[in-house]
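Input: a single structure, listed below in structure tokens.
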2 protein chains.
Amino acid sequence: MKIAIDAMGGDFAPVEIVKGAVKGARDNQVGIILVGPQEIIKFELDKYPTRDLDIEIFHTDEWLIEGEPPAYALRNKRKASIALTVKLVKECRAAAAVSMGPTGGVMTSALMILGTLEGISRPVVGGAFLGLTPQTITMDMGGNMDCRPDQLLDFAVIGTVYSKKIMHIENPAVALLNVGWEEGKGNALAKAAFPLLKKSGLNFIGNIEGQDIASGKANVIVCDGFVGNVAVKFCEGLGNGLAAWLKNELKDDLPSPRLQKVVTKLLSLTIPADTTGGGPVWAVDGLVFKGHGRSQSAEVAATIASAKIYSEIDIIGALKNELAEVRLRMKTTDV
Amino acid sequence: MKIAIDAMGGDFAPVEIVKGAVKGARDNQVGIILVGPQEIIKFELDKYPTRDLDIEIFHTDEWLIEGEPPAYALRNKRKASIALTVKLVKECRAAAAVSMGPTGGVMTSALMILGTLEGISRPVVGGAFLGLTPQTITMDMGGNMDCRPDQLLDFAVIGTVYSKKIMHIENPAVALLNVGWEEGKGNALAKAAFPLLKKSGLNFIGNIEGQDIASGKANVIVCDGFVGNVAVKFCEGLGNGLAAWLKNELKDDLPSPRLQKVVTKLLSLTIPADTTGGGPVWAVDGLVFKGHGRSQSAEVAATIASAKIYSEIDIIGALKNELAEVRLRMKTTDV
């Protein structure tokens with residue numbers, strides 16, 4: 001198995017990306033294709049012993065810069081490192097693509113080159129965002145602003161497959177984020193999505209309210225990307241605010257190292273559960289992983305490890321199957 | 001000044017309502033009209049010395065029960081205590097109405113009997129929901145699910161008047177809750193509301209993201225009631241989750257009373273800033289206050305105190321003026 005890596009994406013590219021790629025290759029015993037300028041990458045690679053590793057360089061002189069409008073930039077830089085990295089997946093020369101570059105560039109490349117899974121219009125962003133409830137994932141967290149009811153059904157399917165295959169939850173509980181638990185509550189989207197989820201054959205437990213994002217009642221919470229994005233960021237903001245308060249409140253109660261530990265733990269409960277590596281761009285027809293722009297070598301290596309696992313269990317195949325099954329079920333119950 | 005009180009609304013009605021009304025009358029030197037069954041209320045009133053207070057009973061044999069569909073119940077119980085309480089405001093026999101009864105019943109009565117302010121279609125729910133940032137109010141928090149852009153502008157006006165008049169903030173900063181700070185970001189509603197807010201003449205500081213709900217950057221955050229409701233409840237749920245964690249985490253570090261104090265403080269930072277009394281139903285043409293169903297006499301008295309202040313500063317008049325001014329400004333800039 002080979003994994004393609006955008007050597008020029010991320011705040012610490014190419015230095016930390018190449019370092020992480022070498023670590024990822026060794027730790028996971030996978031082949032690596034580093035995409036970027038030959039000489040620069042070779043210079044970085046030469047810092048490490050790599051004779052026993054399967055690492056190659058795929059040369060290009062172009063890459064995206066943070067802040068460039070992605071669609072425009074990708075039209076003008078046809079050989080941008082992120083585009084070529086994704087293309088290696090499209091051409092089956094790599095099992096997965098990994099980039100720490102700008103979100104827009106990664107999403108747009110994935111969408112343009114691989115396309116979405118049948119019947120899905122746009123990529124989906126989702127995952128476990130709350131350390132307090134690591135068994136709960138939220139979809140969408142910002143990929144799709146104004147959603148149609150059937151998109152929320154797609155999110156539920158993707159979330160269910162993710163929970164089953166990656167988090168090993170046998171029968172994931174799916175819930176619709178809403179303003180009340182009764183059917184018929186909510187905005188037009190929630191009202192229309194409820195009956196679709198009800199007849200989907202998924203383990204739909206009904207509506208949940210905001211407080212249940214933090215209760216662990218559901219494994220998969222579906223909502224439009226606007227609400228999801230606000231919730232994720234609010235959580236992080238609230239965590240920072242409470243951490244600052246706690247630090248001050250307990251400064252005379254606890255010795256400094258112990259206090260620091262408690263504050264760090266509090267922060268970890270309010271930021272994404274999985275901070276060790278990047279997550280996949282969901283609903284595109286191929287594996288593309290996007291990590292934080294500020295990733296260092298450890299995160300790059302961790303993302304490579306994830307990419308290997310996702311590829312081995314063929315999550316894209318599982319997604320296609322579950323989507324097809326749910327659609328068949330919806331059709332049958334329509335009659 | 002007289003304040004009308006729904007003696008039969010609330011989990012502890014009429015006992016705690018009457019007790020609170022007596023306290024409210026004495027503390028604030030206002031007249032009180034208790035609406036409910038004469039004999040029952042008289043029995044409660046006789047428990048207290050009230051000879052020097054201006055308290056009267058307005059008799060009715062009907063009242064709403066928690067869980068009744070409000071519109072239906074109010075059609076069948078034309079003399080329901082909440083309806084008659086609000087009617088006293090409509091007829092200028094009371095300066096404000098106060099109820100701890102079911103939200104739906106209070107909102108529906110206010111809407112049916114008083115109507116909304118000119119140009120506003122539905123009541124608005126808003127206030128400072130985060131103890132961490134008591135100078136930040138969010139509108140709407142659940143009254144309006146699918147909003148039009150001009151409704152968000154109305155929320156901004158109401159919030160501005162509230163901040164100025166009640167919170168004494170000179171030039172309240174208004175922000176649009178969104179998924180990014182740049183103009184053009186967001187769902188269709190946010191994109192359409194941004195230019196309206198921009199030319200409103202209010203102190204519009206632009207978009208804010210979820211993390212800024214907890215940062216205090218804005219005094220008035222506007223959003224649709226679906227997003228607002230999810231944020232408020234998520235905050236409360238997260239507070240409870242973190243409090244439970246902290247209690248366990250620090251059990252060997254702090255003596256029990258001190259730990260309890262810290263945990264209580266944490267909870268107070270994640271639940272509504274103002275837990276002492278009820279808040280007004282915004283955007284109806286008259287003062288109607290709704291308190292928590294579980295309110296005891298202290299909360300009832302505190303709500304009476306708020307009602308007196310709102311009436312004295314004529315917040316409804318201030319709202320009408322500001323709404324008219326903003327509308328004039330929007331028309332002028334249209335040309």
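Observations, loosely collected:
- Filter pass, A:Lys199 being buried (at least 21 other Cβ atoms within 10 Å of the Cβ), charged (D, E, K, R) and modelled with pLDDT under 95: no
- Residues in region B:202-241 that are of a type in the set (Gly, Ala, Ser), more than 10 Å from chain A (Cβ to nearest Cβ) and either assigned to a helix (DSSP H, G or I) or surrounded by 20 or more Cβ atoms within 10 Å (Cβ to Cβ) (or both): 1 in all.
- Residue ID - farthest from B:Gly216 (Cα to Cα), chosen from residues in region B:137-164 that are among the charged types (D, E, K, R) and buried (at least 23 other Cβ atoms within 10 Å of the Cβ): B:Asp154
- Assessment of region B:156-166 against the conditions (farther than 21 Å from B:Ala318 by Cβ, out of contact with any helix residue (DSSP H, G or I) (no Cβ under 6 Å at 6 or more places or on another chain) and assigned to a helix (DSSP H, G or I)) yields no matching residue.
- Residue match in region A:131-148 (condition: out of contact with any Ser or Thr (no Cβ under 9 Å at 6 or more places or on another chain), over 21 Å from A:Gly225 (Cβ atoms) and not assigned by TED's automatic domain parsing to the domain that holds A:Asp11): yes
- The lone criterion from (1) surrounded by 15 or more Cβ atoms within 10 Å (Cβ to Cβ); (2) modelled with pLDDT of 95 or more left unmet by A:Lys79 is number (1).
- Single residue of region B:279-330 satisfying the filter (in a loop (DSSP other than H, G, I, E, B) and closer than 12 Å to B:Ala97 by Cβ) that is farthest from the chain's Cα centre (by Cα): B:Gly286
- Taking region B:1-117 as the region of interest, the helices (runs of 4 or more DSSP H) fully inside it that hold 3 or more residues being over 22 Å from B:Gly279 (Cα atoms) are B:38-45, B:70-76.
- For region A:125-146, a tally of residues being outside any loop (DSSP other than H, G, I, E, B) and on the phi > 0 side of the Ramachandran plot returns 1.
- Within the set A:Leu287, A:Leu250, A:Leu259, the sole residue that is more than 13 Å from chain B (Cβ to nearest Cβ), out of contact with any His (no Cβ under 9 Å at 6 or more places or on another chain), among the hydrophobic types (A, V, I, L, M, F, W, C) and surrounded by 16 or more Cβ atoms within 10 Å (Cβ to Cβ) turns out to be A:Leu287.
- The set of residues in region A:166-196 being surrounded by fewer than 17 Cβ atoms within 10 Å (Cβ to Cβ), more than 14 Å from chain B (Cβ to nearest Cβ) and over 24 Å from the mean Cα position of the chain (by Cα) consists of A:Glu183, A:Pro195.
The values are calculated or read from the model by the stated rules, or taken from the named source; none is laboratory data. Computed from a predicted structure; not experimentally measured. FYI the Cβ positions are ideal-geometry reconstructions off the backbone, even for glycines, and counts take in every protein chain you see.
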